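A short worksheet on the structure shown next.
Taken together, the values in this text are just the output of simple stated rules run on the coordinates, not laboratory data. Everything numeric in this text was worked out from a predicted model, so none of it was measured. Every residue, glycine among them, receives a Cβ derived from its backbone with ideal geometry; neighbour counts consider all protein chains shown.
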Amino acid sequence: MGVILFLIAILLSAISLPIGFAYFILKCVFTFQFKKFAIRFNRYFLKLAISIDQMGNVAMQEIFNDTLIKNRDYPFGDEDETISSVIGKNFKFGNLTVFGKALNAILDFLDPNHSLNSIEYLIDLKKTEQSQAVNGKTQKPE
């Protein structure tokens, strides 16, 4: 069933993404929101970039896990997390391979501290809570 849903999602994306983009542009033009246009335009594309990045994290999880990190303490593949966030977590704990360090250096060159600033801490909290539930442990408040 997953394969069928994947193919349907690809087909619907190919149709709906251009329509959504065109509608966004036309709405901004015809509602005369030129002053807000640059802010909305940037925010719109940032959201799209994050969504694509999260999809890449899932699609490339096996190759990234095998080539960019030493162990799987913070693996790629969470659909709610960006590639940069996983790179940042693994960088923080010294878990990047040579290729992972190279990718992090490229990101750092383009946007200083990009991977560290991209870390999604709520993902860690969710995983910790799930792990504690599986192991029957509860966190005691301090």
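Under 5 Å between amide hydrogens, built in the peptide plane, is the criterion, and for ILE69 it picks out THR97 among residues at least 5 positions away or on other chains.
Note on LYS70 and LEU46: with the Förster distance fixed at 30 Å, the Cβ-Cβ geometry gives a FRET efficiency of about 0.45. Summarising the label geometry, the points placed 7 Å from Cα in the beta-carbon direction at PHE6 and ALA22 lie 3.0 nm from one another.
Highest mean packing first, where packing is the average number of other Cβ atoms within 10 Å per residue, the peptides 93-102, 4-13 line up as 93-102, 4-13.
Exposure proxy shown here: for LYS89, LYS36, the number of other Cβ atoms within 10 Å sets the order, fewest to most, as LYS36, LYS89. Taking 27 Å as the cut-off for C-alpha to C-alpha distance, list the pairs among LYS36/LYS89; LYS27/LYS47; LYS36/LYS101 that go past it. In this structure, LYS36/LYS89; LYS36/LYS101 lie more than 27 Å apart at Cα.
Work out the length of the dipole vector of the range 35-124 about its Cα centre, built from +1 on the beta-carbon of each Lys and Arg and -1 on the beta-carbon of each Asp and Glu, and round it to the nearest 20 debye. Charge dipole of the range 35-124: 520 debye, to the nearest 20.
Can you tell me how the range 1-64 classifies by the Cα gyration tensor, rounded, prolate or oblate, using a/c under 1.5 as the rounded cut?
Working: a/c = 5.50, a/b = 1.85, b/c = 2.98.
Since a/c reaches 1.5 but b/c is at least a/b, the shape of the range 1-64 is classed as oblate.
Note that the range 53-70 has calculated 3J(HN,Hα) couplings of 4, 5, 5, x, 4, 6, 5, 9, 4, 5, 5, 5, 5, 7, 10, 9, 10, 7 Hz, one per residue in order, obtained from phi through the Karplus relation 6.51 cos²θ - 1.76 cosθ + 1.60 (θ = phi - 60°); glycine and proline are x.
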